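The structure appears below as C-alpha cells.
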Amino acid sequence: MPNPLYDALFGRHIGQSTAFLILPDGRTITHDQFIRSAARYANAFADKGLTAGDRVAVQIGKSPDALALYAACVQAGLVFLPLNPGYTAPEVDYFVGNSGARLLVCDPADVSALAPVAAAAGAAVETMDATGRGTLRDLAATLPDTFDTVDRTAEDLAAFLYTSGTTGRSKGAMLSQQNLLSNAETLVDVWHFTKADVLLHALPIFHTHGLFVATNIMLLSGGAMVFLPKLDIDQLIRFMPQATALMGVPTFYTRLLSSDDFTAGLTAHMRLFISGSAPLLAETHKQFEERTGHRILERYGMTETNMNTSNPYDGPRRGGTVGTPLPGVELKICDPETGETLPQGEIGVVEVRGPNVFQGYWQMPEKTAAELRADGFFITGDLGLIDEDGYVQIVGRGKDLIISGGYNIYPKEVEQVLDDQPGVLESAVIGVAHADLGEAPVGVLVADGSADLNLDALSQTVAQSLARFKCPRKLVVVDALPRNTMGKVQKNLLREIYADLFT
Ligand code: ATP
Ligand code: MG
C-alpha cells in the first residue's frame, strides 16, 4: 500500500540495526527501534479514534519519542502539527482552535493549563514529557510495534507548520507529502548526504529547519544524528568528533566562535557546516573560515517552501549570499507593486515556484490568494536581488523596509556599515515614526567590548559611507538584540520599544 513519504523516509529502515539517534547519555536508537516505536504510536493514535487527515498538535520537549510522533503521523496518514514549547496557553488556544486538531499532546506539567484549551476546541489530550514519558507512551507500550501503513498520495497533507510569527500572527502552512519529499531528495543530492554521515542535531524539531531539513535528509540518506536536546556549545564541541556535518542557525556559529575550545583541529574531519533560518553575518562567515578553514554553506528557505536556494557544495560559497535556486525551484525578483520581473541586480520581492511550495495557509483563503499566485509562484515577502553570478542576496523583509521622506531604505545596507565599525558587534536598523519624514531610520547597536562606542563619532563615520537619507537619525546601544528561538532578530519588538523616540 503506497504512502510515498512513509515509504521513502521510514519504511525503508524496517529491520535495519544501524544507528539512527545517538543520545548525549551514550544510548543509541537504531533505525529499526525508531520505526517500531513510531508504529506503537501510530497504533495509539488509531486507538484514540484518529483517522486519515486528522490533525495532531504536539507541544512537547525534544526527545526521540517526540520525533517518533512525526513518523507515527505520517504512517497513520495524520497531519503532524508541532508547536514551540515556549507558547503560552492562550497561544496554544489559537493554534489548536485554528487547526481543528483532534488531539493535543502536551507536557504533563502543562495539562492543567491546556486541558481547558483542548476541551474548548474539541480536542483530546495526551501527555509526553521531555524524556518521552506520559500517558501516550503508557498506551503505546500496550500496543503492537507494527502498524498497517495508511495509504496516501503525494498530494495528501503531511504537516501543518506554523510560521515563526516574526512579522505577525503565525500562519499554518499546509505541506503535502510531495512538498517534503521533493525537497529532502534535492537536498540529499546537492549537499552530498550519505549513510556515512552523522549530523549534529541541536535544533528544535517544531520548525522546518530541525524537523524537515535536518531530519528528513538524514532519514532519506540513512545516516545518523547526534540528537541533542538544545543548543549547548559545550555539548556541540564534545560531540563534534563523532559527527560529519552540522546544521545551525547563525547563533550556533557566533557562539561556537566565542569559545576558545572551538579550534581548527576539532573541525578538521568535518564535511559540512550549514547555516540558515536567519541571515549569517558576512563577518561570521569570514571569522569561521579563518578559525577552521571551512566555509559555512548558507541556504535560504521558509516554513511555506522548505528550502529554495543554497550555496554550492563544490563551487564558491559566498558570504552574504544564499546561493542559487535549488534544482526544480524557480526564483524571480519582482516589482512589489506590479509583480513584473525586475532586471538582474535590482532589488525586489523574491518569488518562488516548485514542488516544494506549500498548498496554502490553513483556513486563510484571502491570505493564501494574496501570497500564492494562480501560476504557482509564492510571494515570499523577502526582498532580494540576483547578482551578476546568479547568486541571490536577501536584503531583508518587505515588512522591515523603511520609507523615509519618500525614499526606500534597505535596513541591511545600513546594518552592514554599522557592523563594520570598530566596537560594534552587530546592529538592527528599524523605521520609527517621524513627524517630518514619515519614518526615520534608527540604529540599535550591540557593542563587542573592544572599543568605547562614541555614538557621535560613529554617526559621522557612517555618514561618509551612506547617503544622508539612509543615515540613522538616532543610534542606541543595547546589551543584546531580541531574538526568537530560531535566532531571528525580532524587529517588531524593537519597533514597539522605540515607537515614541521622535515624538
Ligand atoms: P512569519 O512568516 O510568521 O513572520 P518567519 O518568516 O520568520 O515568520 P519562518 O518561515 O520560520 O518564519 O522563516 C522564514 C524567513 O526566515 C524567510 O522568509 C527569511 O526572511 C528568513 N531566512 C531564512 N533563511 C535565511 C537566510 N539564509 N538569510 C536571510 N534570511 C533568511
Ligand atoms: Mg514568513
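Identify all residues within the stretch 215-230 that are assigned to a loop (DSSP other than H, G, I, E, B) and under 18 Å from the mean Cα position of the chain (by Cα); write none if there are none.
L228, P229, K230
Could you count how many residues in the stretch 303-325 are outside any strand (DSSP E or B), open to solvent by 10 Å² or more (accessible area, probe 1.4 Å) and away from ligand 2 (no atom under 16 Å from the Cβ)?
Result for the stretch 303-325: 9.
When you scan the stretch 196-209, how many residues do you find that are more than 16 Å from ligand 2 (Cβ to nearest atom), within 16 Å of the chain's Cα centre (by Cα) and open to solvent by 10 Å² or more (accessible area, probe 1.4 Å)?
Residues flagged as more than 16 Å from ligand 2 (Cβ to nearest atom), within 16 Å of the chain's Cα centre (by Cα) and open to solvent by 10 Å² or more (accessible area, probe 1.4 Å) within the stretch 196-209 amount to 2.
(1) surrounded by fewer than 22 Cβ atoms within 10 Å (Cβ to Cβ); (2) modelled with pLDDT of 95 or more: which one isn't true of Y87, the others all being true?
Here Y87 meets the rest and fails (2).
Consider L331 against the criteria (1) at pLDDT 95 or above; (2) out of contact with any Asp or Glu (no Cβ under 8 Å at 6 or more places or on another chain); (3) within 15 Å of ligand 1 (Cβ to nearest atom); (4) of a type outside the set (K, R): it satisfies all of them except one. Which criterion is unmet?
(2)
Condition check: more than 24 Å from the chain's Cα centre (by Cα), within 16 Å of ligand 1 (Cβ to nearest atom), under 21 Å from A278 (Cβ atoms) and in contact (Cβ under 8 Å) with a residue 24 or more places away in the chain. Does D382 satisfy that?
no
Tally up the residues in the stretch 131-161 that are open to solvent by 30 Å² or more (accessible area, probe 1.4 Å) and either at positive phi or in contact with a Cys (Cβ under 9 Å, 6 or more places away or on another chain) (or both), please.
Residues flagged as open to solvent by 30 Å² or more (accessible area, probe 1.4 Å) and either at positive phi or in contact with a Cys (Cβ under 9 Å, 6 or more places away or on another chain) (or both) within the stretch 131-161 amount to 0.
Evaluate the following for L418: is it within 16 Å of ligand 2 (Cβ to nearest atom), crowded, with 19+ Cβ neighbours inside 10 Å and either in contact (Cβ under 8 Å) with a residue 12 or more places away in the chain or at positive phi (or both)?
The answer is no for L418.
Return the pair list, or none, for Cβ contacts closer than 6 Å from residues in the stretch 151-171 that are of a type in the set (S, T, Y) to residues that are open to solvent by 40 Å² or more (accessible area, probe 1.4 Å), at least 6 apart or on different chains.
From the stretch 151-171, the pairs are T167/K399.
Do we have any residue at all in the stretch 162-174 that's within 17 Å of V74 (Cβ to Cβ), out of contact with any Ser or Thr (no Cβ under 7 Å at 6 or more places or on another chain), within 16 Å of ligand 1 (Cβ to nearest atom) and open to solvent by less than 10 Å² (accessible area, probe 1.4 Å)?
no
Kindly indicate whether P108 is open to solvent by 50 Å² or more (accessible area, probe 1.4 Å), touching a residue at least 12 places away in the same chain (Cβ under 8 Å) and under 21 Å from the mean Cα position of the chain (by Cα).
Criteria not met by P108.
Checking the condition open to solvent by less than 50 Å² (accessible area, probe 1.4 Å), out of contact with any Gly (no Cβ under 8 Å at 6 or more places or on another chain), at pLDDT below 95 and within 15 Å of ligand 1 (Cβ to nearest atom), which residue from G396, G360 passes?
Unique residue meeting the criteria: G396.
Checking the conditions here, which among F212, F252, F288, F193 is farther than 24 Å from D65 by Cβ and either within 16 Å of ligand 2 (Cβ to nearest atom) or assigned to a loop (DSSP other than H, G, I, E, B) (or both)?
Exactly one of F212, F252, F288, F193 is farther than 24 Å from D65 by Cβ and either within 16 Å of ligand 2 (Cβ to nearest atom) or assigned to a loop (DSSP other than H, G, I, E, B) (or both), namely F193.
Given the condition over 24 Å from the mean Cα position of the chain (by Cα), among the polar types (S, T, N, Q), under 28 Å from T153 (Cα atoms) and surrounded by fewer than 24 Cβ atoms within 10 Å (Cβ to Cβ), answer yes or no: does some residue in the stretch 41-48 qualify?
Looking for residues that are over 24 Å from the mean Cα position of the chain (by Cα), among the polar types (S, T, N, Q), under 28 Å from T153 (Cα atoms) and surrounded by fewer than 24 Cβ atoms within 10 Å (Cβ to Cβ), one finds at least one in the stretch 41-48, hence yes.
Within the stretch 268-285, track down each residue that is within 16 Å of ligand 2 (Cβ to nearest atom) and surrounded by fewer than 24 Cβ atoms within 10 Å (Cβ to Cβ).
Passing the criteria: A278, P279.
Only residues that are within 16 Å of ligand 1 (Cβ to nearest atom) and either open to solvent by 20 Å² or more (accessible area, probe 1.4 Å) or not aliphatic (A, V, I, L, M) (or both): list them for the stretch 287-302, please.
The answer is F288, R295, E298, R299, Y300, G301, M302.
Give me a count of the residues in the stretch 261-283 that are within 12 Å of ligand 1 (Cβ to nearest atom) and either among the hydroxyl-bearing types (S, T, Y) or touching a Pro at 6+ places or on another chain (Cβ under 9 Å) (or both).
The qualifying residues number 7.
Filter the stretch 326-341 for residues that are assigned to a loop (DSSP other than H, G, I, E, B) and open to solvent by less than 40 Å² (accessible area, probe 1.4 Å); which is farthest from A370 (Cα to Cα)?
Among those that are assigned to a loop (DSSP other than H, G, I, E, B) and open to solvent by less than 40 Å² (accessible area, probe 1.4 Å), it is L326.
Restricting to the stretch 402-415, name every residue that is within 15 Å of ligand 1 (Cβ to nearest atom), out of contact with any Gly (no Cβ under 7 Å at 6 or more places or on another chain) and open to solvent by less than 40 Å² (accessible area, probe 1.4 Å).
Of everything in the stretch 402-415, just one residue is within 15 Å of ligand 1 (Cβ to nearest atom), out of contact with any Gly (no Cβ under 7 Å at 6 or more places or on another chain) and open to solvent by less than 40 Å² (accessible area, probe 1.4 Å), namely E415.
Quick check on the stretch 373-383: of everything there that is within 13 Å of ligand 2 (Cβ to nearest atom) and either surrounded by fewer than 17 Cβ atoms within 10 Å (Cβ to Cβ) or not polar (S, T, N, Q) (or both), which residue is farthest from G100 (Cα to Cα)?
L383
For V349, state whether it is free of Cβ contacts under 8 Å to residues at least 60 places away in the same chain and surrounded by 18 or more Cβ atoms within 10 Å (Cβ to Cβ).
For V349, the condition - free of Cβ contacts under 8 Å to residues at least 60 places away in the same chain and surrounded by 18 or more Cβ atoms within 10 Å (Cβ to Cβ) - is met.
The values are calculated or read from the model by the stated rules, or taken from the named source; none is laboratory data. The model shown is predicted, which means the values in this text are computed figures rather than measured ones. For neighbour counting, all protein chains shown are included, and Cβ atoms are generated from backbone atoms with ideal geometry for every residue, glycine included. Quick note on the areas: whole protein, heavy atoms, side chains included, nothing else; ligands and nucleic acids left out. Shrake-Rupley method; radii C 1.70, N 1.55, O 1.52, S 1.80 Å.
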